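Working notes, structure below.
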Amino acid sequence: MNASAAGFAGEMLSVGLNVVPFVWAASPAAAELEGVVMDWVGRLLGLPQRLLFSGGGGGVLQGSTCEAVVCTLAAARDRALARLGHAAIMKLVVYASDQTHVTFQKGARLVGIPPSNFRVVPTSAASGYGLAADAVRAAVDRDVARGLVPLYLCATVGTTGLGVVDPVRELGEEARRHGMWLHVDAAYAGSAAICPEFQGYLDGAELADSVSMNPHKWFLTNSDCCCLWVASPRALTSALSTDPEYLKNVGTDGTGNPAAIDYKDWQISLSRRFRAIKLWVVLRRYGAVGLRAHIRRHVAAAKWFERTVAADERFEVVAPRKFSLVCFRLRASFAGDADDVNRELLAAVNASGRAFMTHFVVDGKFVIRLAVGGAMAEMQHVMDVWELLQDKAEDVLQRYRL
Ligand SMILES: Cc1ncc(COP(=O)(O)O)c(C=O)c1O
């Protein structure tokens with residue numbers, strides 16, 4: 001989780017002002033600022049015009065990717081059921097990979113997709129643990145042959161476990177073939193796309209129905225803050241809008257003011273926080289140049305760490321690093337039962353109180369993960385972690401050698 005003085009100040013403003021922009025009339029300034037910052041961030045990420053307000057799409061700030069995913073699943077579901085009739089809900093199928101965040105499985109359950117219709121497509125070292133379009137095609141073809149209806153496909157840019165990037169364009173083409181909703185989950189790594197050298201990872205986003213990114217992960221913005229862009233605001237609001245008499249307001253009376261958004265219709269809850277002010281403060285404080293420098297500093301430190309780990313014969317890098325996450329472990333040839341040794345190494349590093357790392361399991365292997373993400377993290381901190389890691393590795397290996 002990322003935080004900064006600007007994010008802190010923005011959060012205080014959000015909480016202190018207690019503006020609740022659920023309908024436009026409750027705070028026209030807050031609702032309109034949200035539209036403005038969503039287009040700003042979308043442009044910084046190089047998102048296609050069709051996902052921005054200026055191109056007919058639009059964006060909303062939610063609390064988490066989990067909420068955003070439920071909303072997009074509901075929109076996809078209702079778009080399909082409007083065509084097929086409600087009874088067809090039992091036929092709808094959602095596709096993801098074994099590296100996709102579990103929130104998609106939970107979201108699918110929440111919107112009524114039968115659990116047996118959630119396809120977890122396996123990935124492998126051969127595909128770099130990315131979701132291969134031909135594997136999706138095979139799964140879709142099998143389902144269609146059984147009379148099922150492909151509904152929704154998730155592509156991840158920066159998977160939670162390993163930071164892997166799914167091939168968005170190829171998956172988008174696959175989704176188009178069957179009229180599936182394509183969601184691009186760029187929760188963590190989407191922030192990197194503000195740097196031109198990382199924008200290629202979002203190539204194909206023009207085929208997406210929705211894209212999400214969490215500024216509270218790597219964008220110097222205090223929790224909570226999740227950006228969700230959709231190509232068709234109508235698809236989202238058709239699934240989520242409510243229109244009781246007591247919420248009718250002057251902004252949305254059909255007079256055609258495009259900025260007059262009732263954001264209650266873009267999310268699950270009615271009340272909502274003034275997150276736009278927080279993101280606005282971060283954007284104004286750091287600017288594109290400052291935010292890019294922040295991302296590049298972390299990536300450079302992670303790159304150094306990856307190179308250093310790879311050069312030490314005791315260690316191996318488990319998946320090639322793309323952003324600021326390095327996944328590595330002590331090699332089995334040095335470690336006997338490598339999983340136990342790596343578990344002990346991680347526990348020893350964390351018990352030191354000088355660094356905190358997490359783990360993942362891929363292909364049955366226990367993997368240690370170093371994520372460079374703190375607002376004040378510098379190269380020197382990562383070099384210190386490497387010193388610490390070597391000390392602890394030597395201790396652990398010695399114990400295993402005895
Ligand atoms: C790729 C990815 N998607 C979704 C999530 C869930 O994000 P949130 O906590 O905002 O729901 C995470 C969190 O780790 C993530 O890494």
At a probe size of 1.4 Å, how large is the accessible area of E170, to the nearest 10 Å²? 100
Cα centroid separation, segment 291-346 to segment 216-239 (Å): 31
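Taking segment 195-285, which trypsin sites (Lys or Arg not before Pro) meet the DSSP loop condition and have no more than 15 other C-beta atoms within 10 Å?
Details: sites: K217, R234, K248, K264, R272, R273, R275, K278, R284, R285; in loops: K248, R272, R273.
Those that pass, being in a loop and sparsely packed, are K248.
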Among the lysines, which fall within straight-line cross-link reach of K106, defined as a Cα-Cα distance under 25 Å, with same-chain neighbours fewer than 8 residues apart omitted? K91, K217, K264
Given a 1.4 Å probe and every protein chain left where it sits, what share in percent of the accessible area of the chain is carbon and sulfur? 56
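Give the shape of the chain as rounded, prolate or oblate, defined through the alpha-carbon gyration tensor: a ≥ b ≥ c are the square roots of its eigenvalues, a/c under 1.5 means rounded, and otherwise the shape is prolate if a/b is larger than b/c and oblate if not.
Values: a/c = 2.31, a/b = 1.40, b/c = 1.65.
Judged from the Cα gyration tensor, the chain comes out oblate (a/c at least 1.5, b/c at or above a/b).
Quote to one decimal, in nm, the extra length available between N18 and S116 on full extension: 0.36 nm per residue of separation minus the C-alpha distance between them.
Values: separation 98, 0.36 × 98 = 35.28 nm, distance 4.29 nm.
Difference between extended and current length: 31.0 nm.
What is the calculated FRET efficiency for Q390 to R109, with r their C-beta to C-beta distance and R₀ = 41 Å, to the nearest 0.05? Could you put the intermediate results ahead of the total?
Values: r = 44 Å, r/R0 = 1.08.
Plugging the Cβ-Cβ distance into 1/(1 + (r/R0)^6) gives 0.40.
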For the A125, N249 Cβ pair and Förster radius 56 Å, calculated FRET efficiency rounded to 0.05 is 0.55
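Lys and Arg at +1, Asp and Glu at -1: add these up for the other residues within a Cβ distance under 13 Å of L325 and post the number. List each step's numbers first, then the result.
On the way: positive: K217, K303, R321, K322, R369; negative: E306.
Here the count lands on +4.
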Can you pull the one-decimal nm distance between simple spin-label points at V144 and S352, each 7 Å off the Cα toward Cβ? 5.4
Just how far, in whole angstrom, is segment 82-109 from segment 146-202 if you go by their alpha carbon centroids? 16
What Kirkwood Rh does segment 177-247 have if only Cα atoms enter the pairwise 1/r average? Answer in Å. 14.0
The chain: angle of helix 65-84 to the longest principal axis, Cα-based, in degrees nearest 10: 50
Relative to the longest principal Cα axis of the chain, at what angle does helix 28-44 sit, 0 to 90 degrees, rounded to 10? 50
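Please list 190-199, 123-132 highest first by mean number of surrounding beta-carbon atoms within 10 Å per residue.
Working: 190-199: 21.1, 123-132: 18.4.
Per-residue Cβ counts within 10 Å, averaged per peptide and sorted highest first, yield 190-199, 123-132.
Ignoring everything except DSSP H segments at least 4 long, calculate the 222 nm mean residue ellipticity for the chain; use -39,500 (n - 2.57) per segment, divide by total residues, nearest 500.
On the way: 12 runs with 171 residues, N = 402.
It lands at -14000 deg cm²/dmol.
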Within the under-9-Å Cβ sphere about W24, not counting W24, Lys/Arg +1 and Asp/Glu -1 give a net charge of -2
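When Lys and Arg each count +1 and Asp and Glu each count -1, what net charge do the other residues less than 14 Å away from G163, Cβ to Cβ, add up to? Walk me through the numbers before you get to the answer.
Details: positive: K217, K303, R321, K322, R369; negative: D166, D185, E306.
Net charge around G163: +2.
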Solvent exposure, largest accessible area first (probe 1.4 Å, DNA, RNA and ligands not counted), of Y286, Y95, Y246, Y400: Y246, Y400, Y286, Y95
Once the Cα atoms of helix 338-351 and of the chain are each reduced to a long axis, what angle between those two axes, in degrees from 0 to 90 to the nearest 10, is obtained? 80
With an 8 Å Cα cut-off and a minimum separation of 6 or more residues, compute the relative contact order for segment 288-401 in percent. 27
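Percent relative contact order of the chain, based on C-alpha pairs within less than 8 angstrom and at least six residues apart? Don't skip to the end; give the middle numbers.
On the way: 778 pairs, mean separation 86.0, N = 402.
Reported as a whole number, the value is 21 percent.
Could you do me a favour and compute the accessible area per residue for segment 5-287, 1.4 Å probe, result in Å²?
38
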R272's amide H: which non-local residues (gap 5+, or another chain) put their own amide H closer than 5 Å, with H modeled 1.01 Å from N in plane and none for Pro or chain starts? F22
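The values are calculated or read from the model by the stated rules, or taken from the named source; none is laboratory data. Here the structure is a predicted model, which is why all the values come from computation and not from measurement. Positions of Cβ are generated from backbone atoms using ideal geometry, with glycine treated the same way; all protein chains shown enter the neighbour counts. Note: accessible area is taken over every heavy atom of the protein model, side chains too, but ligands, DNA and RNA are not part of it. Shrake-Rupley method; radii C 1.70, N 1.55, O 1.52, S 1.80 Å.
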